[in-house]
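Chemist: The structure is given below, and queries will be raised subsequently.
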Amino acid sequence: MHNQPNTDLEQLLQDYATEPVPAYISVSGGKISEVNSALAFSLPGVMTGVVVVAEAGMVTALWAFLLGGLALSLVGFATGIVGVRKRVSSYMLIRDSFGSRGANIVNLCIALSMFGWFGVNIVLFSSAMEYLLADISDISLPQWLTPVCGGVLMTASAIFGFKSIQKLAAIIVPIQLLVLCVLLYKLVDQASLTDIFLASGTASMGLGEAVSAVVGSFIVSALVMPDLTRYGRSTKDAAIASFLPFLGSATLVYCISAATAVWLSETDVLAMLQAAGLGILALVFVIFSSTITNAVNLYGCGLSIAAIVPRFKEWQIVIFSGIAGTAVAFAGISDHFIDFIFSLGIIFMPVGAIYTAHYILEVKSERLVGEKGSQIEGPTRFSWPAMLAWLAGMGVAFLTSQEKVLLTQIPAFDALITSALTYVVLVKLGEVAKRQRGR
């Protein structure tokens, strides 16, 4: 019998996909925050900072980084609290609010978003390998070969599971921190911070779009925060696990990468790192970061698809996902990076708002099943209030981006507010109708 809490982060590797995490298993908020902080230090974070500042300018970008980081922190905190108190995975929470079939639709969207991230990282990996081969030899490989080899490597890492990912992470995290420290030192020592601050960019992106893009870059992590915080002990752990990586680590990465891009007048991530004088360290950073990030993407993608089609084994799903993600890379996903992350903010912000609102309503109406941490029982097959609220949130956010609706003027925020309010109103109307039918 276990009578002492296990504080080893390896407990996060336990499945508990459809049942509550036992009370004796717990991890501190600081340990949980390390997971998302490690992702913040990787390529997507650097690329987001570079692309946003190029289109919005430095002042707008800085506001976007702060507001976006704050929004992600608040969403992650809200969903994280639900995870701490119910101790079940995000899939179970989504299933409880959207219904079993509705949850499958959400999981499919999550899987598709991971295909997109996989494609972005494959492109960066391929560019780094081409730079490296050109630097050390005269070998000229077919253009398709490097992405395919990268896809195979990343898929293999995911197939062998988190143990292989952890070993890679132990190597790359210090390199990630070293790269950021070197960039920060060079900025302070060599760059004109005044000139950087006054950089205007192309002015093709306003504050609302910039904030939504920043939110989109990590919204999936905030959405699935209960997958981590269900191992937490208290609300404090949820706060640390959310604010430290999203408002702290991610904002730091955005600001350093954006300032470096302005200083060196580079919008290509690899070219920027090379121009900063990082040399082989830049190549190692890009290659290992993209490999680890994509291994994690494939692992998460496997879990999402497995929830939809459980008859397939996880390794089979991972292989399929690797092939699909590589195909996305060839389709040119990196050329539409801003559109991609902007869309993620609009699509997934409502989901977290809806299942958090569902939990609050559940508590207030005293419909909790058993004690805190009890397994969620019998969700409906399809929740129309949740689906309609999701569509309403996405629709209003799209209209905001087209300047047809002006609530907060930030699409991701409008998506959150609209979806939460719509869900609450529809549920309350449903309760009234049910009571009237019962008379």
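Since every read-out is calculated from the coordinates, none of them should be taken as a lab result. Only a predicted model underlies this, so the values are computations on that prediction, with no experimental measurement involved. Here the Cβ positions follow ideal geometry from the backbone for every residue, glycine too, while neighbour counts run over all protein chains shown.
Chemist: How would Asp335, Asp138 line up from fewest to most surrounding beta-carbon atoms within 10 angstrom?
Modeler: Ascending number of Cβ neighbours within 10 Å: Asp138, Asp335.
Chemist: If you rank Lys186, Lys31, Lys434 by fewest surrounding Cβ atoms within 10 Å, what's the result?
Modeler: Going from least to most buried by this count: Lys434, Lys186, Lys31.
Chemist: Next question, about the same structure. For a footprinting-style exposure proxy, rank Glu314, Glu431, Glu55 by other Cβ within 10 Å, fewest first.
Modeler: Glu431, Glu314, Glu55
Chemist: Roughly how many Å is it from the Cα centre of the stretch 281-297 to that of the stretch 385-427, as a whole number?
Modeler: 35 Å
Chemist: Multiply the residue gap between Leu112 and Arg435 by 0.36 nm, knock off their C-alpha separation, and tell me the result in nm, one decimal place.
Modeler: 112.3 nm
Chemist: Could you work out how far helix 100-136 tilts from the main Cα principal axis of the chain, as a 0 to 90 degree angle to the nearest 10?
Modeler: Relative to the chain, helix 100-136 is tipped by roughly 10 degrees.
Chemist: Treat each spin label as a single point 7 Å out from the Cα along the C-beta direction, and report the Leu70 to Ala271 distance in nm.
Modeler: Between Leu70 and Ala271, the label points sit 3.5 nm apart.
Chemist: Right, another one. For Gly232, which sequence-distant residues (separation of 5 or more, or a different chain) have an amide H within less than 5 Å of its own amide H, given hydrogens modelled in the peptide plane?
Modeler: It is Val27, by chain and number.
Chemist: What is the dipole size for the stretch 9-438, taken about its Cα centre, with +1 at each Lys and Arg Cβ and -1 at each Asp and Glu Cβ, in debye to the nearest 20?
Modeler: Charge dipole, the stretch 9-438, about its Cα centre: 1780 debye, nearest 20.
Chemist: Pulled fully out, how much extra length does the chain show between Thr408 and Thr380, if you take 0.36 nm times their separation in residues and subtract their Cα-Cα distance?
Modeler: 6.7 nm
Chemist: Determine the principal axes of the Cα atoms in the chain, then give the extent along each, sorted from largest to smallest and rounded to whole angstroms.
Modeler: 80, 52, 40
Chemist: Take the chain, connect every pair of alpha-carbon atoms lying under 10 Å apart with a spring to form a Gaussian network, then pick out the residue of Trp384, Trp144, Trp63 with the largest mean-square fluctuation.
Modeler: Per the Cα network of the chain with a 10 Å cutoff, Trp144 tops the list.
Chemist: Can I ask one more? Would you mind checking the tilt of helix 250-264 against the longest principal axis of the Cα atoms of the chain, expressed as 0 to 90 degrees and rounded to 10?
Modeler: The two axes meet at around 30 degrees.
Chemist: Charges on Cβ only, +1 for Lys and Arg, -1 for Asp and Glu, centred on the Cα centroid of the chain; of Ala64, Val284, Thr400, which one is farthest towards the dipole's positive end?
Modeler: Going by the Cα projections, it comes out as Thr400.
Chemist: Looking at the chain as a GNM with Cα springs under 10 Å, which of Ser343, Ser383, Ser204 has the largest mean-square fluctuation?
Modeler: Of the options given, Ser204 has the highest mean-square fluctuation.
Chemist: Can you tell me the orientation of helix 384-401 relative to the chain, as the angle in degrees between its alpha-carbon axis and the longest Cα principal axis, to the nearest 10?
Modeler: Roughly 40 degrees, rounded to the nearest 10.
Chemist: With a 10 Å cut-off between alpha carbons and a GNM built on the chain, which of Ala191, Ala213, Ala40 moves the most?
Modeler: Of Ala191, Ala213, Ala40, the most mobile in the Gaussian network model is Ala191.
Chemist: Considering only Thr260, Phe312, Tyr355, whose Cα is most displaced toward the positive end of the charge dipole of the chain, charges sitting on Cβ of Lys, Arg (+1) and Asp, Glu (-1)?
Modeler: Comparing the listed Cα positions along the dipole, Tyr355 ranks first.
Chemist: How long is the gain from Ala134 to Ala331 if the chain were fully straight, where each residue apart is worth 0.36 nm and the alpha carbon distance is subtracted?
Modeler: Going from the current span to full extension adds 68.5 nm.
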